[in-house]
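Structure first, then comments.
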Amino acid sequence: MVGLDLETTTVALVFGLTGRTPSGTDGGFEQLEWNLEALAGLIGVRHRLMTLSYTAGSIVRVAEVALDSVSEPELDVGSARGRLTAVFKIPGVFWRDPITSTWTGSANAVEQPVTTLAGSTGPVTDALLRITGPAVNPTIKDVATGDTITRPSGLTAGQRLLVDCGQMKARLVTTDTWDMSAGTDVTGQIQATGPGSAHHWLHLTPAVAVGDPFSRVMLLTSSATSTTGSTGLEIRASRSFL
């Protein structure tokens, strides 16, 4: 498929079922059949993505998945137990934080860390950027990859440039909003350079910080002219994990 940087991830889950009723009593083999049908209704969703969560202590990761295949259930009639395996595809490849955070940085800074995305092990490919004017020729560069986006024109005071890196869209708005349906479409005014820039904008990519594999950071270099104290750069995104 054109445009895929990485192969789709697959996850196999093994479900063990018993004949327990919702109240916790033993319902025997008949209840096991009801439980199998209930599970099939949960995982058998088609034509839309489901959210799969993984929890390990305080660590929580989520991914949008699609059901790929399900095995025939293995049943033990005597003990009223069953087992089946379901294979899910993760089209977006990466696990994500369950919440989205907003980082506020500077429109003129060299190698500034995006602190809200620290610890990511995978690139963030769907960040929302917001540049607040006044600013002329605002430019943002991902230090790890060299990916760069710029708008070779100016933002006046009160104007905001919204950039959806995942959808490769940009809007010019005059209100305090993140709504990508508001304002004026200026997608054609965005210039992107760097690896893969023909089919994506500004993949924010983590790098090991100061030789410590437990400390990973995303660095951005940003620049603009004719700025004031009102000029700003914000990024709204969730962390990404392999």
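Each pair of Cα atoms in region 90-183 enters the Kirkwood radius, and Stokes-Einstein at 20 °C and 1.002 mPa s then converts it into a translational diffusion coefficient of 146 µm²/s. Each Lys and Arg Cβ is given +1 and each Asp and Glu Cβ -1; about its Cα centre, region 1-103 then shows a dipole of about 300 debye. Peptides 33-43, 200-210 ranked from most to least packed, by the mean per-residue count of other Cβ atoms within 10 Å: 200-210, 33-43. Simple rule: put +1 on each Lys or Arg Cβ and -1 on each Asp or Glu Cβ in region 1-148, find the dipole, and look at Phe88, Ser106, Val70; the Cα lying farthest toward the positive end is Ser106. In loop segments of region 23-64 as defined by DSSP, the trypsin sites (Lys or Arg not before Pro) with at most 14 further C-beta atoms inside 10 Å of their C-beta are Arg46, Arg48.
Its Cα gyration tensor gives region 62-103 an equivalent ellipsoid. The semi-axes, each the square root of 5 times an eigenvalue, are 35, 13, 5 Å from largest down.
Sorted largest first, the spans of the alpha carbon positions of region 39-140 along the three principal axes are 73, 32, 16 Å.
With R₀ set to 45 Å, the beta-carbon distance separating Thr225 from Val87 gives a calculated FRET efficiency near 0.30. Peptide packing for 100-109, 130-139 was compared via the average number of neighbouring C-beta atoms within 10 Å per residue; ordered from the highest value, the list is 130-139, 100-109. Each other residue within a Cβ distance under 11 Å of Phe241 adds +1 if Lys or Arg and -1 if Asp or Glu, for a net charge of +3. This structure gives Cα extents along the principal axes in Å, computed directly, and of (1) 78, 43, 36; (2) 74, 38, 32; (3) 56, 38, 36 that value is listed as (1). Each of Thr221, Thr116, Ser240 was placed along the dipole of the chain (beta-carbon charges, centred on the mean Cα), and the one lying farthest toward the positive end is Thr221. Count Lys and Arg as plus one, Asp and Glu as minus one, and take only other residues whose Cβ is under 11 Å from that of Lys141; the net charge is then -3. When each of the peptides 6-19, 224-237 is scored by how many other beta carbons lie within 10 Å of its residues on average, the order from highest to lowest is 224-237, 6-19.
Note on Asp179 and Thr10: the extension gain reaches 57.6 nm, defined as 0.36 nm multiplied by sequence separation minus the Cα-Cα distance. Here the chain is treated with +1 on each Lys and Arg Cβ and -1 on each Asp and Glu Cβ, and its dipole about the Cα centre works out to around 640 debye. Considering only the Cα atoms of region 1-68, their convex hull presents on average a projected area of 7.0 nm². When Rg and the Kirkwood Rh are both derived from Cα coordinates, the Rg/Rh ratio for region 170-214 amounts to 1.18. Here the gap between Ala207 and Leu49, fully extended at 0.36 nm per residue and compared with their Cα-Cα distance, gives a gain of 53.9 nm.
Bear in mind these aren't lab numbers, they're just calculated from the coordinates by the rules spelled out. Note that the structure is predicted; figures quoted are calculated from it, not measured. Here the Cβ is made from the backbone with ideal geometry for all residues, glycine too, and neighbour counts use every protein chain on show.
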